[in-house]
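The values are calculated or read from the model by the stated rules, or taken from the named source; none is laboratory data. Since this is a predicted model, take the numbers as computed values, not measurements. Positions of Cβ are generated from backbone atoms using ideal geometry, with glycine treated the same way; all protein chains shown enter the neighbour counts.
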């Protein structure tokens with residue numbers, strides 16, 4: 001019986017200790033990302049020989065992802081992502097919050113109009129930056145509505 005417990009402890013140690021070592025010394029490179037953006041970043045960093053991991057962060061309202069790299073690769077990773085202009089996707093909810101402000105208890109007509117315009121801008125730019133037009137790297141859309 002003691003031999004079984006000893007083998008089980010050894011097995012647990014051999015499984016969890018390497019995972020513990022991998023998690024030590026890792027810094028968050030980016031957080032609040034979509035899974036698509038996190039995966040793009042992992043591919044680019046992997047192509048440059050940097051070992052990066054993706055971490056899922058769940059909150060009450062939505063799910064986002066973080067990209068983690070070792071402390072020694074942090075500066076190099078930032079430079080590589082800057083060279084590749086990553087992450088590209090902008091969060092439409094954050095854009096609405098920044099440009100339109102708080103909606104308050106009862107949203108005003110102007111706030112609703114602002115939210116609609118910003119949402120349309122975000123959808124068009126994401127569509128252009130996606131696979132619809134391969135040559136487009138970044139798109140800024142301006143809409144003027146009366």
Given (1) in contact (Cβ under 8 Å) with a residue 24 or more places away in the chain; (2) under 18 Å from residue 25 (Cα atoms); (3) surrounded by 14 or more Cβ atoms within 10 Å (Cβ to Cβ), residue 86 misses just (2)
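Yes or no, residue by residue, for (1) at positive phi; (2) surrounded by 14 or more Cβ atoms within 10 Å (Cβ to Cβ); (3) over 18 Å from the mean Cα position of the chain (by Cα):
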residue	(1), (2), (3)
94	no, no, no
110	no, no, yes
118	no, yes, yes
122	no, yes, no
128	no, yes, yes
134	no, no, yes
142	no, no, yes
Inside segment 108-133, the number of residues satisfying the requirement of being over 25 Å from residue 65 (Cα atoms) and modelled with pLDDT under 85 is 1
